[in-house]
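Trainee: There's a structure below that I have some questions on.
The values are calculated or read from the model by the stated rules, or taken from the named source; none is laboratory data. These numbers come from a predicted model, not from an experiment. A quick note on method: Cβ atoms are made from the backbone with ideal geometry, for glycine too, and the neighbour counts reach across all protein chains shown.
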Amino acid sequence: MSESEPMPVHALADRRRTLRRSSELVTAGLVAPDKLAEIDAVAARYAVAVTPTLLDLIDLADDGDPLARQFVPDGRELDSAAGEGPDPIGDDVHSPVRGVVHRYPDRVLLTPILHCPVYCRFCFRRARVGGAEAALTEAEITAALSYIASHPEVWEVVVTGGDPLVLPAARLRRLVAALSAIPHVAVIRLHSRVPISDPERINPAVLDALTSEKAVWLAIHCNHPRELGPAARAACRRLAAAGVPLVSQTVLLKGVNDDPAVMEALMRALVANRIKPYYLHHLDLAPGTGHFRTSISEGQAVMRHLRGRVSGLCQPTYVLDIPGGHGKVPVGPVYLHADEVEDWQGSKHSYPPASGVAPGRSSC
Ligand code: SF4
């Protein structure tokens, strides 16, 4: 660009600093100036953060940009619909000590920190993340570890938040080591958006912290193929090279990934970056998230699109967390009916076959 050319508004933002204030979002071109008061009201209720990495990936010329939609506050967040609430999947009724949720017999959630590098506008923990609760104290971590150690049925610990990869590397290492030292804990699974939102954080110290004699898995939250920019892909390569198995979780979001072609592109991009699609979550009933919500039948249509078009490696399980704390269940679609089975193109076939079998191709 010559000195006489005007600098794009995008470049005027401090691209290396996370944007947290409404005025910064306006300066960066993410929010129209006349929306400032409205966005201030949203920011007063729910945490805001847009990292430089994500800012770089947002197309400011696109009013419906699927990345901006996920991270830039919207006045509609101030409207709560019937059924929405601050604890949409019923964590609280299953929390025996602070920072632990024990919903299923063989696994617990551990939430050591409630901060994230970026705040998703649809987050199901949005009433808690980014607020004053911050991180568990050392005494609370000790109590949580004692709880896990005293429950020999706990085979897997899901470390989530917030985002556990924002913990200082030394603290993360101590936490992974402490969990690894519990004899009956076989698997430690961390859930994180850091490889997408702040990929430079996946540095040698963090990779070292994730090294353990126990299996340490990483579930990466990713909702759109464009989130896997060059820096995120490099972070995933570093994780894979360090021996960390990678799976994904995706939230079905209107205007972001409810287009079947977008979901297909996302699933292909994940697998091409060594990440096995794990869950496609139906959106939880968190307050002020109605503008992101699809119906379950729309989600099933997206899943039907994937079946047969992409390999089994690219198929997530579409799940709903039942409100009230009743756990996660797959919500279809279903291909097996009374005495018929449906193929990926929608044709029905008797099963077991009455006589003979029509030729066809199997998908692997
Ligand atoms: S990174 Fe996860 S915990 Fe943090 S705001 Fe997004 S969805 Fe919520």
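Trainee: Does Thr250 count as in contact with a strand residue (DSSP E or B) (Cβ under 6 Å, 6 or more places away or on another chain), of a type in the set (S, T, N, Q) and buried (at least 22 other Cβ atoms within 10 Å of the Cβ)? Quick ask: steps written out before the conclusion?
Mentor: Working: in contact with a strand residue (DSSP E or B) (Cβ under 6 Å, 6 or more places away or on another chain): yes; of a type in the set (S, T, N, Q): yes; buried (at least 22 other Cβ atoms within 10 Å of the Cβ): yes.
Against the criterion (in contact with a strand residue (DSSP E or B) (Cβ under 6 Å, 6 or more places away or on another chain), of a type in the set (S, T, N, Q) and buried (at least 22 other Cβ atoms within 10 Å of the Cβ)), Thr250 qualifies.
Trainee: If Glu133 satisfies every condition in (1) away from the ligand (no atom under 13 Å from the Cβ); (2) of a type in the set (Asp, Glu); (3) surrounded by 14 or more Cβ atoms within 10 Å (Cβ to Cβ) but one, which is the exception?
Mentor: That leaves (1) as the condition not met.
Trainee: Oh, and also: All but one of (1) part of a loop (DSSP other than H, G, I, E, B); (2) away from the ligand (no atom under 16 Å from the Cβ) hold for Tyr119; which doesn't?
Mentor: All conditions are met except number (2).
Trainee: Checking Glu84 against (1) within 13 Å of the ligand (Cβ to nearest atom); (2) over 18 Å from the mean Cα position of the chain (by Cα), which single condition isn't satisfied?
Mentor: Checking Glu84 against (1) within 13 Å of the ligand (Cβ to nearest atom); (2) over 18 Å from the mean Cα position of the chain (by Cα), the one that fails is (1).
Trainee: Would you check which residues across segment 289-334 are outside any loop (DSSP other than H, G, I, E, B), surrounded by fewer than 17 Cβ atoms within 10 Å (Cβ to Cβ) and among the small types (Gly, Ala, Ser) and list them?
Mentor: Ser297, Ala301, Gly312, Gly327
Trainee: Could you please give the count of residues in segment 97-110 that are touching a residue at least 12 places away in the same chain (Cβ under 8 Å) and in contact with a helix residue (DSSP H, G or I) (Cβ under 8 Å, 6 or more places away or on another chain)?
Mentor: Matching residues across segment 97-110 total 8.
Trainee: Output the residue which, of all residues in segment 138-161 that are assigned to a loop (DSSP other than H, G, I, E, B) and under 17 Å from Leu210 (Cβ atoms), is modelled with the lowest pLDDT.
Mentor: Gly161
Trainee: Given the options Arg173, Arg189, Arg125, name the one that is outside any loop (DSSP other than H, G, I, E, B) and within 15 Å of the ligand (Cβ to nearest atom).
Mentor: So the residue among Arg173, Arg189, Arg125 that is outside any loop (DSSP other than H, G, I, E, B) and within 15 Å of the ligand (Cβ to nearest atom) is Arg189.
Trainee: Against the condition within 16 Å of the ligand (Cβ to nearest atom), surrounded by 14 or more Cβ atoms within 10 Å (Cβ to Cβ) and closer than 17 Å to Pro245 by Cα, how does Val194 come out, does it pass?
Mentor: yes
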